[in-house]
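Here the structure is laid out as structure tokens; the discussion comes afterwards.
The values are calculated or read from the model by the stated rules, or taken from the named source; none is laboratory data. The shown structure was predicted, so the numbers you read here are calculated from the model rather than taken from an experiment. Counting neighbours? That spans all protein chains shown, and the Cβs are built from the backbone with ideal geometry, glycine included.
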Amino acid sequence: MRLRRLFAVGLTVVTAASLTGTSASASPSTATKSAPSLGANVTIFDPSTPIAEIQAKLDAAHAQQVDNEMGTQRYAFLFKPGTYGTDEHPLQIKVGYYTEVSGLGASPSDVVINGKVEVYNRCLADGGTSNCLALVNFWRTLSNLSIKVNGAGQDGCRAGANFWAVSQAVSMRRLQVDGGFTLMDYCTAGPQYASGGFIADSKFGNVTNGSQQQWLTRNSSVGQWSNAVWNQVFAGVEGAPDDATFPNPPYTTLEKNPLSREKPYLFVDAKGKYNVRVPSAHRNTSGTSWAADLTEGRTIPLSDFFVAKPSDPEWLINAQLLLGKNLLLTPGVYNVDQTIQVRRPNQVVLGIGHATLTAVNGATPLKVADVPGVIVAGVTIDAGTKESKTLLQVGDKHGLKISSPSNPTTLSDVYFRVGGPHIGKTDTALEVNSDNVLIDHTWVWRADHGVEGFSGDTERWNTNTGRYGAIINGDNVVATGLFVEHFQKYNTVWNGEKGTTVLYQNELPYDPPTQADWMNGKVEGYAGYKVGDKVRNHTLYGGGVYVFNQNNPSIHTENGFEVPNRPGVKLHHIMTVNLAAGTIDHVVNGVGEAADTTKIGVPVYINEYPAP
């Protein structure tokens, strides 16, 4: 993300034997009663466990994961219904990379953390005392619990709020927060930048946005939201700020969210049995799904899932799916050289602890058939060293396209990486061919930094290859929270009719060596968001395209957005911005001033395109 050339991050390797096991309880027979086998990297806490024991285990996990940006360790910490921490001895959780913290209640109020669940800036210079920011605080999950914010024992600056300083591939869902909440860490040295995240189905009091450059909040409730930087979007949020004076401040507010389906979640019922609640889809809604009662949907017993571990072969996973089982991917890295095929309507693929599918020998790790109601959630998909045609394919280009507007196939918190921990190669990361699909929060990332061993960005351009981030060919596709970055041609191509995007965030690639390497025929560069020339109806609410041509600051990109000039194609509240190098000549279709180095960090906004 923003100016990440400054942040060469090494791996911190910490041995923490205490991170294995399925329960941290002092009485394992009690805590693990009815507990499923979810693998060595899932810990299930019971409220009878001494708070000091829980705190020690979580602290050990954070010590291992706080700097482990490109590591392979994955963890989930799950809390059975109850209260954890007291007013005098709060539970103060810090969340590192590839870590999920979730409650196991049917409602968020069933699990209460009296304390905090936090992410701080990382200080990356001078021995960890300066250059403090959150721009690379990726890949972590917080869901399905309540936080009674309690800073007892912390210093004066940190005591007053719950800090959640993050950027892409981080989600907060099904939360109830009693107390102040801040999306930036203002207690460290500067510059304190943060760059993007996602809240859904949650209830907050006062939220400080601070330095967050872009953010999507949907189907939630807030008491007050303060501050904005470039691009803040609210859809179906009770208490959301008004956007009448856009871009001062740069809020985009939709009274209703056009399409939502909440992410499936694990919970323990009154008999102690484990289930997965699968919420139903809704149109034009606001507020949380659980305010009045249990979230509408269906309950699937965990026994109807094949609980996979990274050592399981793909043939076994595919056989279980073919037999009608749903799939739960436990934490870890799965090396996939034979595509995992989801063929049946309404099947659920749920990852916990940032389960990661890595392509091997050019395979497409995951394919979803042209059927309605499939849900893929909580899964990260990595490109491998041999080029894959796609990393996730939803439907066939020439398939039957059997779909349902009331039961859309849904991708929730599905993340993509091309490079980072190793060289990655793909033609297209995400290809959606089916109609009636909901993309609910994704980060599609061609890595701008990592541990691949490149000697420079020119080598990355030629070796770490990804041409297209997302290609949407299906009709009636909705994306709520579409983050796509650094691909070598179009980052997003939307060819389907009647598509809708609610918040789009893009960075153009940092690393084209020359202008000749960044040409679209005779056109200088590729727009960050392209709507197909034949499309007649398309809507975007809140979009941003950023430029930082680090490798060659003289490079130009003609337009941030490129769309057909038709009445049915409408862009609301879009912008481009220069991060320090290169130029975007226009915002959209030759309209708008240049985002060049005379206005670094100052967005160029277009309120409506075409102009009313």
Cβ-Cβ distance below 6 Å, separation of 6 or more or different chains: which pairs start in segment 26-46 with a residue that is farther than 15 Å from Phe79 by Cβ and end on one that is at pLDDT below 55 and of a type outside the set (Phe, Trp, Tyr)? Ala40/Thr20
Do you know which residues across segment 57-78 are of a type outside the set (Ser, Thr, Tyr) and either in a loop (DSSP other than H, G, I, E, B) or at positive phi (or both)? Val66, Asp67, Asn68, Glu69, Met70, Gly71, Gln73, Arg74
Going through segment 64-109 in order, the residues found to be touching a strand residue (DSSP E or B) at 6+ places or on another chain (Cβ under 9 Å) and among the hydrophobic types (A, V, I, L, M, F, W, C) are Val66, Ala76, Phe77, Leu78, Phe79, Leu91, Ile93, Val95, Val101, Leu104, Ala106
Consider Thr253 carefully, then state whether it is surrounded by fewer than 19 Cβ atoms within 10 Å (Cβ to Cβ) and either among the hydrophobic types (A, V, I, L, M, F, W, C) or on the phi < 0 side of the Ramachandran plot (or both). no
Go through segment 170-209 and report how many residues are of a type in the set (Gly, Ala, Ser) and surrounded by 20 or more Cβ atoms within 10 Å (Cβ to Cβ). 7
Segment 500-538: number of residues that are under 20 Å from the mean Cα position of the chain (by Cα) and not aliphatic (A, V, I, L, M): 9
Scope segment 396-433; condition small (Gly, Ala, Ser) and closer than 11 Å to Gly373 by Cβ; matching residues: Ser403, Ser404, Ser406
Count - residues of segment 543-577 that are surrounded by 24 or more Cβ atoms within 10 Å (Cβ to Cβ) and of a type in the set (S, T, N, Q): 4
Residue ID - surrounded by the fewest Cβ atoms within 10 Å (Cβ to Cβ), chosen from residues in segment 578-593 that are outside any strand (DSSP E or B) and in contact (Cβ under 8 Å) with a residue 12 or more places away in the chain: Gly590
Within segment 246-265, is there a residue that is among the basic types (Lys, Arg) and not in a strand (DSSP E or B)? yes
Of the residues Ile352, Ile340, Ile381, Ile402, which single one is touching a helix residue (DSSP H, G or I) at 6+ places or on another chain (Cβ under 6 Å) and of a type in the set (A, V, I, L, M)? Ile340
One residue from Val547, Val577, Val569 being touching an Asp or Glu at 6+ places or on another chain (Cβ under 8 Å) and either of a type in the set (Val, Ile, Thr) or under 21 Å from Leu254 (Cα atoms) (or both): Val547
Residue pairs, Cβ under 6 Å, 6 or more apart or interchain, first in segment 294-307 and of a type in the set (Gly, Ala, Ser), second in a loop (DSSP other than H, G, I, E, B). List them. Gly297/Ser280
Here are Asn559, Asn551, Asn565: which of them is more than 25 Å from the chain's Cα centre (by Cα) and not in a loop (DSSP other than H, G, I, E, B)? Asn559
Cβ pairs under 8 Å, 6+ apart, first in segment 546-573 and of a type outside the set (Gly, Ala, Ser), second part of a strand (DSSP E or B) and modelled with pLDDT under 95: His573/Asn231
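Being touching a strand residue (DSSP E or B) at 6+ places or on another chain (Cβ under 6 Å) and touching a residue at least 40 places away in the same chain (Cβ under 8 Å) narrows it down to one of Val535, Val523, Val531, Val484, so name that one.
After ruling out the rest, the residue left standing is Val484.
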Tally of residues being assigned to a strand (DSSP E or B), under 19 Å from Leu579 (Cβ atoms) and touching a Phe, Trp or Tyr at 6+ places or on another chain (Cβ under 6 Å) across segment 505-523: 2
Conditions (1) surrounded by 18 or more Cβ atoms within 10 Å (Cβ to Cβ); (2) farther than 20 Å from Pro108 by Cα; (3) among the small types (Gly, Ala, Ser); number of the one not met by Ser226: (1)
